[in-house]
Amino acid sequence: MKKLLLGLFFSSFIFANEQIPAPPQKQPILLKNGFIHTVSNGTIKGAILFENGKIIRIAENISPSIDTKVVDLQGKHVYPGLIAAVSGIGLVEINAVPVTNDHSERGDFNPNVRANVAYNPDSEIIPTIRSNGILIANVAPGSGLVSGQSSIMMMDGWTWENATLLHPSGLHINWPNMEIRTGGRFRMSAKRQIEQRQKALKSLDKMIEQGRAYSKLRQTKTRKAEEYHNEDLRLESLIEYVNGKLPIYIHANEVRQIEAAVSWSKRHELIIIIVGGKDAWRTTTLLKANNIPVIYESVTSLPSRRFEDYDQAYKSPALLYQAGVQFCIASSGSAGASYNVRNLPNHAAMAAAYGLPKDIALRSVTLSAAEIIGIDKQVGSLEPGKDATLFISSGDPLDIRTNILQAYIQGRTIDMNDKHKTLYHKYQQKYRQLGILKE
Amino acid sequence: MEGTRLLHSHSYRQDEILMLTRIAEDFGFTIATFQHVLEGYKVAERLAEHGAGASTFSDWWAYKYEVVDAIGYNGTLMANAGVNVSFNSDSDELARRMNLEAAKAVKYGGLEEAEALKFVTINPAKQLKIDKYVGSLEEGKDADFVIWSGHPLSSYSICEQTWLDGKQYFSIEQDKFLRERDSKIRNDIIQKILLSTENGGEKMKANGRSGNRFESCDAFESYTYKGEKE
C-alpha cells in the first residue's frame, strides 16, 4: 500500500522508456512541505522555489504565483545534485570493447585533448548514474603522462555542447611512479625504473618551460609572420596552466608522488589538485601548508602497506578533515569504472561511519567537490541564485537503501528511468505473465 | 553427477544458464548454485524449477559485453521468483563489506530488509549446505556472529566485534590495542635500524615493495593483548 501511494504521488514525474533530454524549465516550480538540505546553510523544513533554471527562494512557507507548478513533498527531502569530482562518464561505454572507448590518445603528451568533445550524451551509463543523485561529473581523459583537459558535464543534454557546464576545468597529469618496484611479476630492473622516472619528471619540467616560452611569444606584439605559422596546439593549450590561471590535476596516490608533485608545483608556481590521494593522510602538513586540495578516490580500497590499519582507506577523509586539508570524495576516476560512480554517495557514508562528521560527508560530494573543481558559484548547495540542480529523495541519499525520486538539472525535470529500471520492469512483466509475481 | 558433491557453476547470460540446467537434467544431476549469474533474473523460473541457488552481485556491469544486461535488481527479481539468492564478491576489497551489498537489494527492487540480510547469511549457508552450523542465530548452531554499531544494512554502521565458534576474533577495543602495540614495535625497529648505522653497522638497501602483503605475526609473540584470555 505504501508503495502504491508513492507511485501515485510521483506519477506526475517523468518516467519514460526513451530517456528524452529535458526541455528548458518553462514554469516556476515550488517543492513544498519537505526538508530542504541546503548544505551551505543547514536544513530547512519548508519549501524551495526555482524559475528559469535558478533557485529563487528557500523558506518555511512560499506562496506560489498562479503559473507555478506546485509539488507537495509530503515530508520528502531535497538535496543539491551530487558531484563526481573526477570521472570517465560518457567516454567509455563497455570497457573491454575498445571501439566503445574514447578516453585515451596515443603518446604521453596530449594537453590539447578535451574531454567534452568525446563525451557521448547518449551513453546508457549516464541515466544509471543520475538515478543515484549524481547530476554533475568532471569528465577527464586518462592516458599517458599528460592526458588532456577535463570538462564538467551535466548528466542530461542532447549534445555534448548542451551538457557542458564548464570547459576546461583542468589539465590532467598521471604523476610518474616514484617507487622502485620489485618481486612478483614485476621484472624491470631498478636502474631502468629510475631512468624512466627521471625521464618523465624531466619532461614535465620541460613542458612547463616550453609552455612559458610559448606563452611569452604569443603575448609579444611585434611577432614575425612566420611565428604565426608556428602555432602549436599542444603548447597553446598549456598557456592558462603554466601561468597559474587554471588548476592542474595531478593523479597521485603514493606518498612520494604527492611530495614530488607538490615540490614541482611550488618550483613552477602552478595551481595543483591531488587526485587519488590514497596516501594524502600521511602528507597532511605539506598539503595544508601549500593549500593543495585533494580529490580522495580511495574509500573502497584495501590498506596499501602491512602496517596500515584495516580501515585506513575509510578513515582517511576524517584525517584530512581533522588536519584542515581541503578535500572532497570521489569514486574511482578511472574511465573503465565509470559505471560504478553510482556508488559515490555510499563512499561518503562510509567515510562518515569511520569518523567524518555526517554533514561534512554530504558536503564532500556536493559543495566541497564544487569548490575544488571550480563551480561552487553555480552549484554544490541550495542557495538563491544558484542553478536548480537538485533532487528529491526518500531519505538520506548517502545511505544505500535510499532512492532518488526526481532530479532537476538547471530546473529541467529529468527523466528518472534508466536501462536497469527498464529491464527490471520488463522482467517483472515476465513473472506476472507466469503467475509467479502477484502484484 | 552422483549427487555426492555440490556443483557450482560460473555463468553470466541466460543462454548459458538454460543450457547447463538442461544438460544437468538430461544426466540426472542438479547444479547447486550458479555463481555471478548476472542474467539470472531473465530465467529465474528456470533456476527455481531446476532447484539451483543463485549467488550474484549488484554492480559491475558495462565492463565487458557478456555483462551489459547485469542489473542491481537481479537479486530481488530472482528472490521474488522463489530462487534462493545470495550475494558474493570476488573482490577482496568488496567482500569485506557484504552487509552493504545486501543493502543494495533493498535499494534495487525494494526487498524487505530482513530478506536482504539473508542474502549474506542463511541463504549462502544453504547454498553451501552448511546451514545446520551457521547462517542464523539458533540454539545448537555454531556461535558465529557479528556485533554491529547499528543496523547492518545502514551505510553508517560498523562492525564492532566478530565471534567464531564462541571465540572473539575481532573487537574494536582489541584492535585499538594492537594498533598501539604495532606502532610501538614499528618505531622500535626503525630506531634500532637508525642506531645500527650510527654505531658503524652496515647500511641496508631499500627493498622496495614486495608482493607479499601478509606475513606471520609469530615474531611478535611477546606483545600479546592483555584483555584477551589465553
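General remarks:
- For the residues A:Val70, A:Val86, A:Val78, the requirement of being of a type outside the set (Asp, Glu), outside any loop (DSSP other than H, G, I, E, B) and open to solvent by 10 Å² or more (accessible area, probe 1.4 Å) singles out A:Val70.
- Residues being within 14 Å of chain B (Cβ to nearest Cβ) and assigned to a helix (DSSP H, G or I) - total across the stretch A:165-212: 6
- Selection from the stretch A:129-183 of residues that are of a type in the set (Asp, Glu) and either crowded, with 24+ Cβ neighbours inside 10 Å or within 15 Å of A:Val379 (Cα to Cα) (or both): A:Asp156
- Counting the residues of the stretch B:58-87 that are within 22 Å of B:Glu115 (Cβ to Cβ) and modelled with pLDDT of 95 or more gives 18.
Per-residue answers, yes or no, for (1) modelled with pLDDT of 95 or more; (2) in a loop (DSSP other than H, G, I, E, B); (3) more than 14 Å from chain B (Cβ to nearest Cβ):
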site: A:Asn120; (1), (2), (3): yes, yes, no
site: A:Ile126; (1), (2), (3): yes, no, no
site: A:Ser147; (1), (2), (3): yes, no, yes
site: A:Ser151; (1), (2), (3): yes, no, yes
site: A:Asp156; (1), (2), (3): yes, yes, yes
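- Here the condition is being of a type in the set (Val, Ile, Thr) and assigned to a loop (DSSP other than H, G, I, E, B); of B:Val120, B:Val106, it holds for B:Val120 alone.
- For first residues located in the stretch B:2-23 and over 15 Å from B:Ala48 (Cβ atoms), partners that are exposed (fewer than 11 other Cβ atoms within 10 Å of the Cβ) and lie 6+ apart or on another chain with Cβ distances below 7 Å form the pairs B:Leu6/B:Lys129.
- Test: residue in the stretch B:74-97 that is under 16 Å from the mean Cα position of the chain (by Cα), within 14 Å of another protein chain (Cβ to nearest Cβ) and basic (Lys, Arg): yes
- Boolean, A:Arg181 is of a type outside the set (Gly, Ala, Ser) and in contact with a Lys or Arg (Cβ under 6 Å, 6 or more places away or on another chain): yes
The values are calculated or read from the model by the stated rules, or taken from the named source; none is laboratory data. Not measured: the values here are computed from a predicted model. Here the Cβ is made from the backbone with ideal geometry for all residues, glycine too, and neighbour counts use every protein chain on show. Remember, those area values only see protein heavy atoms, side chains included, never the ligands or the DNA or RNA. Shrake-Rupley method; radii C 1.70, N 1.55, O 1.52, S 1.80 Å.
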